[in-house]
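Since every read-out is calculated from the coordinates, none of them should be taken as a lab result. These figures come from a predicted structure and were not determined experimentally. Quick reminder, even Gly has a Cβ in these numbers, built from the backbone with ideal geometry, and neighbours come from all protein chains shown.
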Amino acid sequence: MINYSENNIITLVGTIVSERTFSHEVYGEGFYSFNLEVPRLSENSDIIPVTVSERILSDEFKIGEKVVIDGQFRSYNNYENEKNKLVLTVFVKDIKILTEDMEIPNPNEICLTGFICKKPIYRTTPFGREIADILLAVNRAYNKSDYIPCIAWGRNARFCQNIEVGEKVKLWGRIQSRTYEKKFEDGTSEIRRAYEVSVSKMEIEKDAEDVHEEENIVEQN
């Protein structure tokens, strides 16, 4: 039996920086959203959207509180003005207040196993830095998948040049946020925030059946 929870694992440690707002309801269970500020190694930080069930969300989780979150990075399609927009959020499985006696984990750590949706786009910046854009389909229960945009750098970016659509990969990294200016046809614009996984390590993932088949070939030869 496939354990889909192992395909998508994330831990975040950060500060709640927005009021909770109602997100949606599923079978009578309400879900709420808020933003979490997660520090980077530099002086910057990432603002990451979080979705949590009312069943584990109490009044102690308020603006300014530092929390530890375990969950999954998920996506869903939002149809707005006849256009399809991919929305990303961290789905919380466990949340707790960060206390002084608690051992602090890596504040932003994610591990994903999924399939390459389209050919990675490799490019270099004007300063010569190598980058590759990846779209990863991560399966979860009930025949659903999350589509997670990822970005690789340096040798990981070069590695992506040889990855084909449909290949299964495992990667590690962190969620990062970035702001950009969205311009409209009427000349107006607004500042928006995008999210992606910044990849620190990746590898081709082989299923047990594939490994067994390769072992048989070696034995036969």
request  = Convert 37 °C to kelvin, take the viscosity as 0.692 mPa s, use the Kirkwood radius over C-alpha pairs of the stretch 7-220 as Rh, and evaluate the Stokes-Einstein diffusion coefficient in µm²/s, rounded to a whole number.
outcome  = 171
DSSP bridge orientation in the chain - percent antiparallel, rounded to nearest 5 = 95
task = Taking the Cβ of Ile121 as the centre, find all other residues whose Cβ is under 15 Å away and add up their charges (Lys, Arg: +1; Asp, Glu: -1).
result = +1
ask   = For the chain, what relative contact order do you get, as a whole percent, if you take Cα pairs closer than 8 Å and at least 6 residues apart?
value = 17
Among the listed pairs Lys93/Lys170; Lys66/Lys206; Lys93/Lys183; Lys96/Lys201; Lys118/Lys201, those beyond 31 Å (Cα-Cα) = Lys66/Lys206; Lys93/Lys183
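If we count other beta carbons within 10 Å of each Cβ, what is the order of Glu103, Glu109, fewest first?
Working: Glu103 5, Glu109 16.
Lowest count first: Glu103, Glu109.
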message = Compute the angle between helix 208-220 and the longest alpha-carbon principal axis of the chain, please, reported from 0 to 90 degrees and rounded to the nearest 10.
response = 20
request  = Provide Val199, Val26 in ascending order of the number of other Cβ atoms located within 10 Å of each residue's Cβ, fewest first.
outcome  = Val26, Val199
inquiry  = Taking loop as defined by DSSP and a crowding limit of 13 other beta carbons within 10 Å, which chymotrypsin sites (Phe, Trp or Tyr not before Pro) in the stretch 108-168 fit?
reply    = Phe127, Tyr142
inquiry  = Please enumerate, by chain and number, the lysines with C-alpha under 19 Å from the C-alpha of Lys182, excluding those fewer than 8 residues away in the same chain.
reply    = Lys83, Lys85
request  = Could you list Lys183, Lys206 in order of exposure, starting from the residue whose Cβ has the fewest other Cβ atoms within 10 Å?
outcome  = Lys183, Lys206
